[in-house]
Amino acid sequence: MAKLSELKILVVENNAHMRAILVTVLRAFGAQRILEADGPLGGFSLIATEDIDLVLLDFFLGDHDGYDIVELLRGERPRHGTRGCWRRWRSAPTRCSASRSRRWRSTR
């Protein structure tokens with residue numbers, strides 16, 4: 001199992017304050033390689049171009065939601081800009097959650 005300090009972590013959260021809290025907590029636990037995105041398009045772009053190990057994904061992201069990113073990554077065919085990551089993320093277990101709701105939506 002990799003150490004938290006070795007993982008490249010992406011935080012996708014549209015609320016700047018919550019994103020800052022998540023990054024602060026991750027750093028307190030030893031994470032050093034943290035990328036941030038303020039919405040689904042930025043998150044998807046980073047997932048497609050970076051070698052991300054872990055994605056912390058908000059469910060409610062304005063016009064889109066975290067599940068949209070999971071659906072794009074799990075598509076049957078590679079889409080533009082996803083050739084390097086779609087197979088890797090296609091079967092990865094994911095959980096999307098939201099602080100405004102007690103709902104969890106599992107994609108596996």
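Read the figures in this text as sums done on the coordinates, not as results from a lab. Please read these numbers as outputs of a predicted model, since none were measured by experiment. Cβ sites come from the backbone with ideal geometry, for glycine too, and all protein chains shown count toward neighbours.
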From the C-alpha gyration tensor of the range 15-68, pull out the three semi-axes of the equivalent ellipsoid (sqrt of 5λ each), sorted largest to smallest, in whole Å. 19, 15, 8
According to a simple spin-label model (label point 7 Å from Cα along Cα-to-Cβ), what is the distance in nm between residue 51 and residue 32? 1.6
At 7 Å along the Cα-to-beta-carbon direction for both residue 20 and residue 4, put a label point, then send me their distance in nm to one decimal. 2.1
Counting only C-alpha contacts under 8 Å and six or more residues apart, can you give the relative contact order of the range 23-74 as a whole percent? 30
